[in-house]
Amino acid sequence: MKNIKNIKKAVLITVFVLIELILYGTFMYLDIFDQKANLSMYIKFFSIFLCFLFVLLYYRTSKQTKVEKYDNTNNSYLGIHILRIAMFFTLLSDLFILVLEYYTAGILTFIIVQLLYLILISSWISSGKPIKTILMRVLGTGLITVLIVILYRFQEPEVKSELIFGIYYFILFLSNAIDAIGILFRSKRKHRILFACGLLAYFLCDINVAIFNLKDYLTINETIYSQIYNFSAIAMWMFYLPGQVAIALSGAK
């Protein structure tokens, strides 16, 4: 019976990955050859919806595993539910940014995603005391954001709220990405390593998002910027979907 269940799980994972590969190949082709931008957009959004659906339906959790507290082994109560909530807000963010073009709302929901991942990562690396780590990280990234905004105001007197939220999001994400690198080198648990790989791919996506939008906030040489702009436009989702799929799969045994 156990072998049959394991086979069914393996089949479900295989089907999920194959569908995502097909969607990935399709929208990458459309983006590279600059064809049917609207179709590409909806395929991208559907691919993230499938990630959310997989995380929502595939994993089973038991309240008995809650006693693990912050030792999040595979299918732990805390880890899986954080993963589900984070993937929901990821889907919501992509709806705001990709489909509806409500960029500020999208950034705010992406901040929630990174705060949830901070909780998850802190539960792995803080020796059973994640609350202090989380509070220090939130305050620290907030302080760095304030300093960057102050420096930016020397160049541009007016600072849009969207930029402030974007800076905070990026600093918070950077701190999570640094922790993810540490997990890659120190952890022996495969699901944590997979999560870290997914988070780093996700971070590479956001670096390209920042490059793509850089001209809106800084004065840049047009010749230099045009050389990286076109690549960044494609590279965003080249890294984003593989990262989300890896994170979605990180709760599996």
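The values are calculated or read from the model by the stated rules, or taken from the named source; none is laboratory data. Every value quoted in this text rests on a predicted model; they were computed, and no experiment measured them. For neighbour counting, all protein chains shown are included, and Cβ atoms are generated from backbone atoms with ideal geometry for every residue, glycine included. When the accessible area is computed, the model is the full protein with side chains, heavy atoms only, and any ligands, DNA or RNA have been set aside. Shrake-Rupley method; radii C 1.70, N 1.55, O 1.52, S 1.80 Å.
Of A10, C205, A37, which is farthest towards the positive pole of the chain's charge dipole, taken about the Cα centre with +1 and -1 on the beta-carbons of Lys, Arg and Asp, Glu respectively?
A10
Counting GluC sites (Glu not before Pro) as exposed when in a DSSP loop with at most 10 other beta carbons within 10 Å, what is the longest stretch of the chain free of them?
Between the exposed loop sites, the longest stretch runs 1-100.
Quick one: what does P(r) look like for the range 72-199 with 5 Å bins over all Cα pairs, in whole %?
2, 10, 18, 21, 19, 14, 9, 5, 2, 1
Compute the relative contact order of the chain as a whole-number percentage, counting only Cα pairs closer than 8 Å that sit 6 or more residues apart in sequence. Please report the intermediate quantities before stating the final value.
Numbers: 264 pairs, mean separation 49.6, N = 253.
Computed over the chain, the figure is 20 percent.
Equivalent-ellipsoid semi-axes (√(5λ), Cα gyration tensor) for the range 109-179, whole Å, largest first?
Working: eigenvalues 141, 27, 14 Å².
Rounded to whole Å, the semi-axes are 27, 12, 8.
Please compute the per residue accessible area over the chain with all protein chains in place, 1.4 Å probe, rounded to a whole number of Å².
Working: 14310 Å² over 253 residues.
Dividing the accessible area of the chain by its residue count gives 57 Å².
Picking from V149, A246, F89, whose Cα lies most toward the positive end of the charge dipole for the chain (charges on Cβ: Lys, Arg +1; Asp, Glu -1)?
Ranked along the dipole, the leading option is A246.
Which percent of the accessible area of the chain is formed by carbon and sulfur heavy atoms (probe 1.4 angstrom)? Each step should come with its number before you reach the end.
Details: 9840 of 14310 Å².
About 69 percent, which is the carbon plus sulfur part of the accessible surface.
Once you place label points 7 Å from the Cα toward the Cβ at I178 and V149, how far apart are they in nm?
Computed distance between label sites I178 and V149 equals 2.1 nm.
Once the piece of chain linking L53 and T26 is laid out straight, how much longer is it, given 0.36 nm per residue of separation minus the C-alpha distance between them? Walk me through the numbers on the way to the answer.
Values: separation 27, 0.36 × 27 = 9.72 nm, distance 2.02 nm.
Extra length from L53 to T26 when fully extended: 7.7 nm.
Anything over 29 Å Cα to Cα? Flag those among K132/K190; K44/K132; K9/K188; K5/K190, in the order listed.
Numbers: K132/K190 26 Å; K44/K132 37 Å; K9/K188 23 Å; K5/K190 21 Å.
Table pairs above 29 Å Cα-Cα are K44/K132.
What distance in nm separates the simple spin-label points at S161 and Y42, each placed 7 Å from Cα in the Cβ direction?
In this crude label model, S161 to Y42 measures out at 3.2 nm.
Could you state the angle between the C-alpha long axis of helix 37-58 and the longest principal axis of the C-alpha atoms of the chain, as a value from 0 to 90 degrees rounded to the nearest 10?
In the chain, helix 37-58 runs at an angle near 30 degrees to the longest axis.
Scan around Y102 for amide H atoms under 5 Å from its own, H built in the peptide plane at 1.01 Å from N, and keep only partners 5 or more places away or cross-chain.
I97
Convert each backbone phi in the range 163-170 into a coupling constant with the Karplus relation 6.51 cos²θ - 1.76 cosθ + 1.60 (shift: θ = phi - 60°), then list the ³J(HN,Hα) values in order as whole Hz, x for Gly and Pro.
Per-residue couplings from phi come out as 5, 4, 4, x, 5, 4, 4, 5 Hz.
Let's see if you can work this out: charge +1 on each Lys and Arg Cβ, -1 on each Asp and Glu Cβ, no other charges. What is the dipole magnitude of the chain about its Cα centre, in debye to the nearest 20? Present the calculation step by step, with values, prior to reporting the outcome.
Numbers: 23 positive and 14 negative charges, 363 e Å.
It comes to approximately 1740 debye.
Cβ neighbours within 10 Å, averaged per peptide: list 245-252, 182-189 in order, most packed at the top.
Most protected by this proxy first, the peptides run 245-252, 182-189.
Over 30 Å, how big is the tail of the calculated P(r) for the chain, in percent of all Cα pairs?
On the way: 9637 of 31878 pairs.
In whole percent, the share of Cα-Cα pairs in the chain beyond 30 Å is 30.
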